[in-house]
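Everything on this sheet refers to the single structure shown next.
The values are calculated or read from the model by the stated rules, or taken from the named source; none is laboratory data. From a predicted model like this one, the values you see are computed outputs, not experimental measurements. Backbone-built Cβ (ideal geometry, glycine too); neighbour counts: all protein chains shown.
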Amino acid sequence: MKMGQIAIFLLHTHLLLGVGSSLVIQSMPWRVPCPYQCVCQIKPWYSPQSVYREAPTVDCNDLLLIKLPTSLPQETQALRLQSNLISSLDQSELQGLINLTELDLSHNSFTSTRNLRITDLPALLSLHMEENQLRHLPEAAFFGLPSLQELYLNHNRLRSISPGAFKGLDKLLRLHLNSNRLVVIDRRWFHALPQLEVLMIGGNFVDTIQDLNFKPLSSLRSLVLAGMGLREISARALEGLQNLESISFYDNQLIKVPKEALQKLPGLKFLDLNKNPIQLVQRGDFQNMLHLKELGLNNMEELISIEHSAMENLPELTKLEITNNPRLSYIHPQAFQKLLSMESLMLNSNALSALHSQTVRSLPSLQEISLHTNPIHCDCLIRWVGADNDKPVRFIEPQYTFCSEPPELKARQVKEVSFREMTDSCLPLIAPSTFPSYIEVKHGDNIALHCRALAEPEPSIYWVIPQGVRLTPSSSYGRYQVLTEGTLEILGVTAEEAGFYTCVAQNLVGADTRSLTLHVEGGDLVHTNTYKKTEDSFEVQDVKERYALLTWQASHNIPTTHLSWVANGSLEDHHRHTTRILAGTRRFNLTHLQPGTHYKVCLHMGPNVTSCVHLRTKKVTMPDPLPDLTPAVLLVVSALLLFFAARASNRGASLGWKDHILELEKPHITILTQEAKAFMAPPILVKYLNQQDPNKILSDSRGKDLRNTSLRQDARGLTKEAC
């Protein structure tokens, strides 16, 4: 058996080596007279359209040449002159190279395209001029290259390009203008490039893309706008790019997702927004992008939250990367809507304490997830990891996915913690990384303070401003406005808005608070942490047997308020009770009190600021007992029973019970014998009967009238007693 396994292993190894060797394309010697110090070989070469060739190549790189070598073989297809000192080139130096398809002049000393005097290279497909010292492109700078498909001008010093610089390049497919010194993009450049598919123009100091900037490029498939300092993208900046499949905004200064502009790209498949100072991915930022397959939101230093419905109706999205964002601590449970094809979710290296189970359930095709290098709290929100699922999700690098809280589970791998070890409810948690303790702004600035929390049950959020006013979501007050998700906006900050701000997240289990100090530059007002003593404002609004409702007023935000109370004037510490009061609270229901007890209740609103009230709970009052009507009822029943007995003796034994009832229904023939009269009820009993409700009806569980039945039963008992 062992020998068989070894044989199979060797067979697999041989097959893998065979496949690997077939993929390694070797250079072959080219037996021609080769220029001095150059290397002539048959090398693999791919055209701009990815067509493979074996091209005769002359390699003269890194020879410190100041001009082209002589005696170049006429069959040369690729001439590589990288990293030399060449500053000019004449057509005569390339005479006879009718098969030349690639010319690499990168990393040389060209300062102008006028020094590139080549006008008759009909087969040239690729021209490399990167890493030279070009400063300007004149009109028709490459007019003599009608077949050119690739032009590399990146990493030069280009400051300006004439509107018609690319005339004659009707077949150009790829243009690299990245890493120059351009400050504007002129759409007139692109009128001569109807077939352009790839444009790389990042790394230039262009902070704004003008409307319709790329409209002439209807064939463009890939656009790279990385590292340009872009602060915003207008709604019409990308209009006309109907065939664009890939776009990169890597390393710009975008503070929000350019969702209006992205909606003009119906065929977009790959989107890179990495390394932008976007704080929030908001509702509808990525919506109805029907062909988007991959989305990157990585390395974003300011990103703190993925909001409700941030990504919705992206039916072809298969991979989402949101990694290496040091402040990202909140993903709304319903952030992802209608992402039916999502297979890979990368969330590693963030500040996430949890990922809600609802988020995972909203991704029916999810196969793998990465959560490592996050401060995971192994509580109710992450229980889905340890639950038995019909379709388990594979964790990427589970050995690095640890619990950071609670202490008893710290440093354990999340996958190893069972479902039962985690609580089914948990306190709200406002991530400290999203909440600075101090912010300084300029007078007149607009500012947004973000507060997000996850918990089970879902928490509610409110803010307390320096004036002590409590603001809930979707409310406004002066310059303040609280948005639905919990962001506090302050428009046109003045010195009046400087001070202490507190965010409170609470649910039925408990609460969490975070506070910050806002300082306004140039403000004339100075705020201190002194509070007026307002004993008269602390009062008892209502007192019952077991609770007391207390109210108070405060003119400042005081996040350290607490309440204490003691019964019967006791001074012993173990008799004193205290509770923390959440910021913004102005009333408190003190419960579990003892009836008829005296209490001293104190409100502590800061250092040496205490207000106290005295109260006494009400005594428990016993209800008055109901009068005992049993003797009177018995007398009434006895009288009626005797009445029936007298009737029976008067009419004979042959009269049945049914006949008694029929006779009872004829009040005009009621006759009492002398014996019955002797047992008549006394006048007081008759008076009592007359006072009873004549409409009151007794019935059994079947709805049968029990008036006569009960009377008959009681009458039989009373007759026996009377006898």
Evaluate region 383-395: report whether one residue or more is in the same structural domain as residue 312 (by TED's automatic domain parsing) and surrounded by 21 or more Cβ atoms within 10 Å (Cβ to Cβ). yes
Matching residues in region 290-333 - criterion: being over 16 Å from the mean Cα position of the chain (by Cα) and of a type in the set (Val, Ile, Thr): 318
Checking residue 295 against (1) in the same structural domain as residue 375 (by TED's automatic domain parsing); (2) assigned to a loop (DSSP other than H, G, I, E, B); (3) closer than 23 Å to residue 197 by Cβ, the condition it does not meet: (2)
In region 156-204, what residues are surrounded by 21 or more Cβ atoms within 10 Å (Cβ to Cβ), among the polar types (S, T, N, Q) and touching an Asp or Glu at 6+ places or on another chain (Cβ under 8 Å)? 156
Quick one: in region 237-257, which of the residues that are part of a loop (DSSP other than H, G, I, E, B) and either buried (at least 21 other Cβ atoms within 10 Å of the Cβ) or touching a residue at least 60 places away in the same chain (Cβ under 8 Å) (or both) is nearest to the chain's Cα centre (by Cα)? 257
Tell me whether region 300-313 contains one or more residues that are among the β-branched types (Val, Ile, Thr) and touching a residue at least 40 places away in the same chain (Cβ under 8 Å). yes
Can you name the condition, by its number, that residue 215 falls short on among (1) over 26 Å from residue 141 (Cα atoms); (2) surrounded by fewer than 18 Cβ atoms within 10 Å (Cβ to Cβ)? (1)
Being at negative phi, of a type in the set (S, T, N, Q), outside any strand (DSSP E or B) and in contact with a helix residue (DSSP H, G or I) (Cβ under 6 Å, 6 or more places away or on another chain), is that true of even one residue in region 389-401? yes
Counting only residues in region 300-329 that are within 23 Å of residue 252 (Cα to Cα) and touching a Ser or Thr at 6+ places or on another chain (Cβ under 6 Å), the one surrounded by the most Cβ atoms within 10 Å (Cβ to Cβ) is identified as 329
Answer yes or no as to whether residue 464 is over 24 Å from residue 301 (Cα atoms) and aliphatic (A, V, I, L, M). yes
Test for residue 370: is it at pLDDT below 95, crowded, with 21+ Cβ neighbours inside 10 Å and either in contact with an Asp or Glu (Cβ under 9 Å, 6 or more places away or on another chain) or over 22 Å from residue 396 (Cβ atoms) (or both): no
Report, by residue number, each residue of region 349-399 that is within 13 Å of residue 331 (Cβ to Cβ) and polar (S, T, N, Q). 350, 353, 357, 358, 359, 362, 374
Exception for residue 234 within (1) assigned by TED's automatic domain parsing to the domain that holds residue 332; (2) within 27 Å of residue 196 (Cα to Cα); (3) surrounded by fewer than 21 Cβ atoms within 10 Å (Cβ to Cβ); (4) of a type outside the set (Lys, Arg) falls at (1)
Taking region 566-593 and keeping only residues that are modelled with pLDDT of 80 or more and over 30 Å from residue 503 (Cα atoms), one is left with 566, 567, 593
Of the numbered conditions (1) buried (at least 21 other Cβ atoms within 10 Å of the Cβ); (2) part of a loop (DSSP other than H, G, I, E, B), residue 107 fails exactly one; give the number of that condition. (1)
Please list, ordered by first then second residue, the pairs with beta carbon atoms under 7 Å, 6 or more apart or interchain, first in region 553-565 and more than 15 Å from residue 498 (Cα to Cα), second in a strand (DSSP E or B) and of a type in the set (Lys, Arg). 562/580; 565/600
Would you be able to say whether some residue in region 400-422 is outside the structural domain of residue 312 (by TED's automatic domain parsing), at pLDDT below 90, under 17 Å from residue 332 (Cα atoms) and of a type in the set (Ser, Thr, Tyr)? no
Of those in region 61-84 that are among the hydroxyl-bearing types (Ser, Thr, Tyr) and within 60 Å of the chain's Cα centre (by Cα), the residue modelled with the lowest pLDDT is 76
Quick check on region 70-80. Is at least one of its residues hydroxyl-bearing (Ser, Thr, Tyr), in a loop (DSSP other than H, G, I, E, B), closer than 20 Å to residue 31 by Cβ and in contact with a helix residue (DSSP H, G or I) (Cβ under 9 Å, 6 or more places away or on another chain)? yes
Name the residues in region 142-164 that are at pLDDT below 95 and of a type in the set (A, V, I, L, M), would you? 145
Looking at (1) in contact (Cβ under 8 Å) with a residue 24 or more places away in the chain; (2) within 30 Å of residue 73 (Cβ to Cβ), can you tell me which one residue 95 breaks? (1)
Residue that is surrounded by the fewest Cβ atoms within 10 Å (Cβ to Cβ) [pool: residues in region 472-504 that are under 19 Å from residue 437 (Cα atoms) and under 22 Å from the mean Cα position of the chain (by Cα)]: 489
Taking region 575-592 and keeping only residues that are touching a residue at least 40 places away in the same chain (Cβ under 8 Å), aliphatic (A, V, I, L, M) and out of contact with any Lys or Arg (no Cβ under 9 Å at 6 or more places or on another chain), one is left with 582, 590
Strands (runs of 3 or more DSSP E) completely within region 405-488 that count 1 or more residues being touching a residue at least 40 places away in the same chain (Cβ under 8 Å): 426-430, 438-442, 447-449, 453-456, 460-464
May I ask you to list the residues in region 275-301 that are farther than 14 Å from residue 336 by Cα and either among the basic types (Lys, Arg) or touching a helix residue (DSSP H, G or I) at 6+ places or on another chain (Cβ under 7 Å) (or both)? 275, 293
With polar (S, T, N, Q), at pLDDT 95 or above and within 28 Å of residue 222 (Cβ to Cβ) as the only criterion, which of 106, 87 stands out? 106
